[in-house]
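Trainee: Have a look at this one before I ask anything.
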Amino acid sequence: MSEKALKDLNMLPESGRKNKNTSNGSLKPEIEQTGENLEDSQKKVSSPGVENPMNVNGVGDSVPEVGNSEVEYIESENLKDVEDLEMSLKTLLAGLDSKDWVLVCEALNDVRRLSIFHKEMMLDILGKVVTLIVKSLKNPRSAVCKTAIMTSSDIFKAYGDDIIDSLDPMLVQLLLKASQDKRFVCEAAERALVSMTTWVSPVSLLPKLQPYFKNRNPRIRAKAAMCFSRSVPRLDIEGIKAYGIDKLIEVAASQLSDQLPESREAARGLLVELQTMYEKSHILSANGVSDDREVTSWENFCQTKLSPLSAQAVLRVTNIVREGLVLGS
């Protein structure tokens with residue numbers, strides 16, 4: 001090498017010399033180190049003892065995701081049965097509570113396999129399993145978090161109302177994850193929430209969702225409203241009577257003026273659904289209203305059960321939709 005070339009090389013910054021030395025294409029160590037640094041930075045940003053990884057504005061920080069070849073995200077339909085059922089059950093809780101994040105992901109996938117192929121075998125430890133899934137949902141490492149979210153979806157499908165007593169901590173984490181900016185985590189959490197509203201009965205789920213309509217984070221309110229509007233149509237007539245259609249209308253009306261359009265759209269969809277249910281089911285007798293046609297109209301019912309402003313807002317929404325349907329027919 002010429003003297004001039006040596007001089008030029010010595011003048012390069014240290015990082016530049018490293019890049020020259022790795023010009024053979026082997027950049028994997030630097031990429032993996034970047035991934036670790038991202039995870040470390042996430043841990044430093046999160047304050048000790050704070051479960052909610054939100055910034056001061058209540059919105060999750062957006063951190064680029066770095067791929068990791070050690071973890072494979074397997075869709076539910078592609079999961080295969082566990083090789084050794086007895087051993088999997090014996091080591092499951094220890095694996096979920098491991099300090100080795102790769103082992104945690106493997107244990108989470110075993111939970112998924114067991115819930116699909118041997119769900120009865122996990123019933124006795126289901127509460128402990130859900131608690132450890134929630135621990136993984138809080139994990140700052142994205143691979144663990146996403147695998148835990150996918151596990152939640154399979155748990156909802158397999159166990160439905162059997163997890164209702166353990167649902168609250170899982171629900172709050174899924175609403176948080178669905179409200180953050182990291183897209184691949186957010187999308188997985190939204191799919192898990194859809195699974196929840198599909199497999200957990202609305203009678204059990206609606207009371208769990210309602211408190212989140214008053215959350216300070218508008219994104220969480222929006223996600224809760226969307227879950228609520230998906231769940232209500234699954235109520236049968238008896239379920240509507242038990243919950244109270246007037247209460248359901250009040251909940252939807254409260255979201256019509258919410259900050260985010262997702263909340264308002266969910267409320268409008270729910271009100272149209274409730275109007276259809278109301279007019280088809282004739283459940284007014286459960287509310288102590290006369291069967292007189294004029295008194296039992298949707299308009300009179302809303303005016304009777306809601307404040308004047310809320311009734312006006314609800315009727316405006318449902319009348320606009322009805323007029324649109326008539327014009328479109």
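Trainee: Please go through the range 240-264 and pick out each residue that is in a helix (DSSP H, G or I), under 20 Å from the mean Cα position of the chain (by Cα), over 21 Å from GLU299 (Cα atoms) and of a type outside the set (Ser, Thr, Tyr).
Mentor: PRO261, GLU262 - these are the residues of the range 240-264 that are in a helix (DSSP H, G or I), under 20 Å from the mean Cα position of the chain (by Cα), over 21 Å from GLU299 (Cα atoms) and of a type outside the set (Ser, Thr, Tyr).
Trainee: Separate question: Looking at (1) of a type outside the set (Gly, Ala, Ser); (2) in contact with an Asp or Glu (Cβ under 7 Å, 6 or more places away or on another chain); (3) in contact (Cβ under 8 Å) with a residue 60 or more places away in the chain, can you tell me which one THR147 breaks?
Mentor: (2)
Trainee: Then there is this: Can you tell which of ALA143, ALA178, ALA188, ALA192 is touching a Ser or Thr at 6+ places or on another chain (Cβ under 7 Å) and buried (at least 18 other Cβ atoms within 10 Å of the Cβ)?
Mentor: Sole residue among the options that is touching a Ser or Thr at 6+ places or on another chain (Cβ under 7 Å) and buried (at least 18 other Cβ atoms within 10 Å of the Cβ): ALA192.
Trainee: Quick one: is LEU209 at pLDDT 95 or above, touching a Phe, Trp or Tyr at 6+ places or on another chain (Cβ under 6 Å) and within 25 Å of THR276 (Cα to Cα)?
Mentor: For LEU209, the condition - at pLDDT 95 or above, touching a Phe, Trp or Tyr at 6+ places or on another chain (Cβ under 6 Å) and within 25 Å of THR276 (Cα to Cα) - is met.
Trainee: Given the options VAL144, VAL134, VAL102, name the one that is more than 20 Å from TRP199 (Cα to Cα), within 19 Å of the chain's Cα centre (by Cα) and among the hydrophobic types (A, V, I, L, M, F, W, C).
Mentor: VAL144
Trainee: From the list PHE184, PHE117, PHE156, which residue is of a type in the set (Phe, Trp, Tyr) and modelled with pLDDT under 95?
Mentor: Testing whether each residue is of a type in the set (Phe, Trp, Tyr) and modelled with pLDDT under 95 leaves just PHE184.
Trainee: Still on this structure, please answer the following. Criterion first (in contact with a Phe, Trp or Tyr (Cβ under 7 Å, 6 or more places away or on another chain) and either outside the structural domain of ALA158 (by TED's automatic domain parsing) or modelled with pLDDT of 95 or more (or both)) does GLU51 satisfy it?
Mentor: Here the answer is no, as GLU51 does not meet what is asked.
Trainee: Residue pairs, Cβ under 7 Å, 6 or more apart or interchain, first in the range 208-224 and farther than 21 Å from TYR243 by Cβ, second among the aromatic types (Phe, Trp, Tyr) and in a helix (DSSP H, G or I). List them.
Mentor: Listed pairs, sorted by first residue: ILE220/TYR212.
The values are calculated or read from the model by the stated rules, or taken from the named source; none is laboratory data. A quick note: this is a predicted structure, and the numbers were derived from the prediction, not measured. Positions of Cβ are generated from backbone atoms using ideal geometry, with glycine treated the same way; all protein chains shown enter the neighbour counts.
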